1. Among A73, A61, which is out of contact with any His (no Cβ under 9 Å at 6 or more places or on another chain) and under 26 Å from E105 (Cβ atoms)?
2. If you go through region 37-59 one residue at a time, do you hit one that is modelled with pLDDT under 90 and open to solvent by less than 70 Å² (accessible area, probe 1.4 Å)?
3. Could you count how many residues in region 28-38 are within 11 Å of Q56 (Cα to Cα) and in a loop (DSSP other than H, G, I, E, B)?
4. Report every pair of residues separated by at least 6 positions or lying on different chains whose Cβ atoms are under 9 Å apart, first residue within region 39-58 and free of Cβ contacts under 8 Å to residues at least 24 places away in the same chain and part of a strand (DSSP E or B), second polar (S, T, N, Q) and open to solvent by 20 Å² or more (accessible area, probe 1.4 Å).
5. In region 89-110, what residues are open to solvent by 90 Å² or more (accessible area, probe 1.4 Å) and assigned to a loop (DSSP other than H, G, I, E, B)?
6. Might you check whether a residue that is touching a Leu at 6+ places or on another chain (Cβ under 6 Å), surrounded by 11 or more Cβ atoms within 10 Å (Cβ to Cβ), of a type in the set (G, A, S) and closer than 29 Å to Y123 by Cα occurs anywhere in region 11-24?
7. If I filter region 90-102 for residues that are of a type in the set (D, E, K, R), over 21 Å from Q18 (Cβ atoms) and out of contact with any strand residue (DSSP E or B) (no Cβ under 8 Å at 6 or more places or on another chain), do I get at least one hit?
Amino acid sequence: MSDSDRSAVDTLKGYFYQFDQSILKLLSLESPEDSVAIECLEDIDIKTATEVSAIQCKYYAKTEYNHSVIKDAVKHMLNHYKKVTKGEKQKINYQINGHYKSGHEKLPNELDIDFLKKHFLTYTV
């Protein structure tokens, strides 16, 4: 098997991860009027009568988790949140689901401002 074949396998596993996440969200809907959309705002969007949620799926089965892997997604979410606070955009609940080979413990269950600034909003040269 060549490197390009393995790359395709990894890509397909990522699609299956997103597909599985989509099915779980679809089965978790509480009302027949709620909906799930794929590849709209984010990988998975959920619309209910009262809110919109956008879910980003990251699948890196051979990679150790590092904050840089989700940094762009977090910055995008924060930019959107800023527009929400200014009344320019509708509120969206963001979520990132990820699967990594290791390193999950680097990301705490709850983020505080200092952690957010240090790991997602600061650049080092």
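The values are calculated or read from the model by the stated rules, or taken from the named source; none is laboratory data. Fair warning: this is a prediction, and the values are worked out from it, not measured in the lab. Positions of Cβ are generated from backbone atoms using ideal geometry, with glycine treated the same way; all protein chains shown enter the neighbour counts. For the accessible areas, the whole protein counts, side chains as well, though only heavy atoms, and no ligand, DNA or RNA atoms are used. Shrake-Rupley method; radii C 1.70, N 1.55, O 1.52, S 1.80 Å.
1. A73
2. No, because not a single residue in region 37-59 is modelled with pLDDT under 90 and open to solvent by less than 70 Å² (accessible area, probe 1.4 Å).
3. 0
4. Short answer, once both residue conditions are applied: D45/S35; D45/S53; I46/S28; I46/S35; I46/S53; I46/N93; K47/S35; K47/S53.
5. K89, Q90, K91, N109, E110
6. no
7. The answer is no, given that none of the residues of region 90-102 is of a type in the set (D, E, K, R), over 21 Å from Q18 (Cβ atoms) and out of contact with any strand residue (DSSP E or B) (no Cβ under 8 Å at 6 or more places or on another chain).
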